[in-house]
Amino acid sequence: MIVYKFGGASVRDAEGVRNLASIVNGANERLVVVVSAMGKTTNAMEQVALSYFNGEKDIASAEFENVKRYHINIVRELFGSGSGCESELQKWFQKLFEKLNGAPSLNYDFEYDQIVPFGEMFSTLIVSHYLNLAGTKNKWIDIRTLLKTNEQYREAETDWELTGQLMLKHMNFNEFDIYVTQGFIGGTVNNLSTTLGREGSDYTSAVLGYVFDADSVSIWKDVPGVLNADPRWYPEAEKIEKMSYREAIELSFYGAQVIHPKTIKPLENKKIPLFVRSFVEPGAMGTKIYDLKGHVDLPPVYILKKDQILLTISPKDFSFIVENNLSEIFSIFSRRRVKINLMHNSAINFSVCINRMDTLNDLVNELQDRYVVRYNENLELISIRHYTDDSIKKILKGKDIIDSQVSRNTARYVVRKSEWKF
Ligand code: ADP
Ligand code: ASP
Ligand code: MG
């Protein structure tokens with residue numbers, strides 16, 4: 001069997017759903033189709049969740065109305081008015097309506113996870129119905145009943161054993177050759193919804209690939225494959241034909257948005273190839289990520305992470321930054337789920353480059369009990385894999401460098417935000 005994953009951009013309108021159907025139809029294999037929420041629906045659902053949590057009912061329902069209208073328009077374009085799909089969609093709208101009519105708990109992450117997954121329920125319902133209409137018989141699966149996670153809301157972790165058992169039992173390919181299900185979401189053993197982290201649908205496709213020992217996993221994107229930079233930022237970006245798992249995990253870890261960083265490990269563990277392919281040009285090969293042995297020449301790869309902060313922490317009493325302080329600092333970071341993108345230490349300073357966060361003040365306040373904390377905002381982190389002298393010169397031209405770290409394969413620079421010109 002194989003796994004196909006379609007992101008939000010691929011199903012942002014009726015034409016996208018038709019295109020998905022033609023790609024799925026061309027597969028001619030046992031298939032699990034993983035779908036994200038349509039277009040920017042997850043962003044809209046985040047607004048619904050936040051206003052609901054803050055008690056702003058009017059804002060929540062206005063945003064929900066927009067989401068409904070957007071989906072209904074797509075459904076009517078695909079099926080005409082009054083379709084079976086539309087009435088099922090109304091039932092899901094009703095469920096969310098009831099949720100929004102109740103009072104929220106005090107746990108924002110929990111409430112987020114009970115609301116945001118509706119985006120994926122709406123999209124998969126529409127895709128499954130449309131495939132049936134187009135003659136591609138398939139079964140819709142509520143993945144929350146099979147992909148079981150812990151209760152770490154908004155960043156839930158997979159219970160691999162239970163998930164494997166449930167998936168193999170309930171998606172056995174006896175009656176159906178094609179299943180359609182949601183990316184990004186899961187469920188606890190108590191059947192509460194969870195989410196796996198923003199952009200997590202790529203990871204869902206890897207979980208399915210792993211469980212079913214898939215022949216391959218393909219993620220269908222709006223780019224020809226993995227490029228040596230984000231084309232929205234770097235106009236001369238070129239496609240990379242093939243790369244090893246190790247290369248892919250490094251790129252996604254540094255912030256190449258095209259693959260979610262958690263996607264590679266499950267696939268590497270079973271040596272399942274991952275294809276990054278273009279839904280605009282489904283006949284093209286895309287990028288193959290696999291157990292590539294030996295050396296392949298790769299061009300310099302540029303990865304830009306925006307909205308960075310550089311925190312510099314030093315003990316108040318001028319003592320050294322040593323293991324004791326570091327372990328204390330790390331435990332604060334870990335409890336607050338701070339993600340470190342780059343770190344550096346000297347005798348009395350410890351610096352970390354982290355993503356901008358809403359709770360920065362709380363973090364700084366906590367650290368200030370024992371440390372002097374300074375920070376720089378409005379920074380960007382640029383990583384260059386397989387750097388050359390020329391590539392570094394080109395990227396750093398006119399940039400104000402705040403910190404840097406250069407290893408054998410990768411050069412990384414924290415720079416002050418300014419316009420990029422190439
Ligand atoms: P999805 O539709 O699956 O959610 P994303 O929008 O998350 O897909 O990822 C695709 C986008 O990733 C592309 O449109 C591109 O702008 C961006 N991107 C960032 N870095 C790269 C890269 N190295 N190669 C290709 N695309 C990249
Ligand atoms: N719909 C989710 C998001 O936008 C998951 C995904 O697209 O991968 O984050
Ligand atoms: Mg995405």
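Listing for the model above:
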read-out: Qualifying residue in the range 347-366 (condition: of a type in the set (Phe, Trp, Tyr), in contact with a Ser or Thr (Cβ under 6 Å, 6 or more places away or on another chain) and either outside any helix (DSSP H, G or I) or in contact (Cβ under 8 Å) with a residue 60 or more places away in the chain (or both)); value: no
read-out: Pick from the range 377-401, criterion aliphatic (A, V, I, L, M) and out of contact with any helix residue (DSSP H, G or I) (no Cβ under 8 Å at 6 or more places or on another chain), ranking: surrounded by the most Cβ atoms within 10 Å (Cβ to Cβ); value: Leu381
read-out: Which numbered condition Gln152 fails, given (1) assigned to a loop (DSSP other than H, G, I, E, B); (2) within 16 Å of ligand 2 (Cβ to nearest atom); (3) not charged (D, E, K, R); value: (2)
read-out: Among the residues listed as Ser205, Ser218, the single one being within 16 Å of ligand 3 (Cβ to nearest atom), small (Gly, Ala, Ser) and closer than 20 Å to Ala284 by Cα; value: Ser218
read-out: Residues (surrounded by fewer than 17 Cβ atoms within 10 Å (Cβ to Cβ), part of a strand (DSSP E or B) and in contact (Cβ under 8 Å) with a residue 60 or more places away in the chain) located in the range 308-346; value: His344
read-out: Pairs where the first residue, in the range 204-233, is over 20 Å from Val35 (Cβ atoms) and more than 15 Å from ligand 2 (Cβ to nearest atom) and the second is in a strand (DSSP E or B) and of a type in the set (Gly, Ala, Ser), C-beta under 8 Å, 6+ apart; value: Pro224/Ser278; Gly225/Ser278
read-out: Yes/no for Val48 being within 20 Å of Leu196 (Cα to Cα), away from ligand 1 (no atom under 16 Å from the Cβ) and buried (at least 18 other Cβ atoms within 10 Å of the Cβ); value: yes
read-out: Failed item in (1) without any contact (Cβ under 8 Å) to a residue 40 or more places away in the chain; (2) in contact with a strand residue (DSSP E or B) (Cβ under 8 Å, 6 or more places away or on another chain); (3) basic (Lys, Arg), with Arg154 passing the rest; value: (1)
read-out: Flag for Ser36 being of a type in the set (S, T, N, Q), within 16 Å of ligand 1 (Cβ to nearest atom), under 29 Å from Ala214 (Cα atoms) and modelled with pLDDT of 95 or more; value: yes
read-out: Residue ranges of helices (runs of 4 or more DSSP H) in the range 171-275 with at least 1 members within 16 Å of ligand 1 (Cβ to nearest atom) and surrounded by fewer than 20 Cβ atoms within 10 Å (Cβ to Cβ); value: 245-254
read-out: Inter-residue pairs, beta-carbon under 6 Å, first in contact (Cβ under 8 Å) with a residue 24 or more places away in the chain and within 16 Å of ligand 3 (Cβ to nearest atom) and in the range 29-44, second of a type in the set (Lys, Arg) and not in a loop (DSSP other than H, G, I, E, B), 6+ apart; value: Val34/Lys5
read-out: Those residues of the range 402-422 which are among the small types (Gly, Ala, Ser) and buried (at least 17 other Cβ atoms within 10 Å of the Cβ), in sequence order; value: Ala411
read-out: Some residue of the range 162-178 being farther than 23 Å from Leu274 by Cα and within 15 Å of ligand 2 (Cβ to nearest atom); value: no
read-out: Residue ID - farthest from ligand 3 (Cβ to nearest atom), chosen from residues in the range 230-277 that are over 14 Å from the mean Cα position of the chain (by Cα) and of a type in the set (Phe, Trp, Tyr); value: Tyr245
read-out: Residue list for the range 102-134, filter: within 15 Å of Lys68 (Cβ to Cβ) and either modelled with pLDDT under 95 or of a type in the set (S, T, N, Q) (or both); value: Ser123
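The values are calculated or read from the model by the stated rules, or taken from the named source; none is laboratory data. Note that the structure is predicted; figures quoted are calculated from it, not measured. Heads up, the Cβs are rebuilt from the backbone with ideal geometry, glycines too, and the neighbour counts pull from every protein chain shown.
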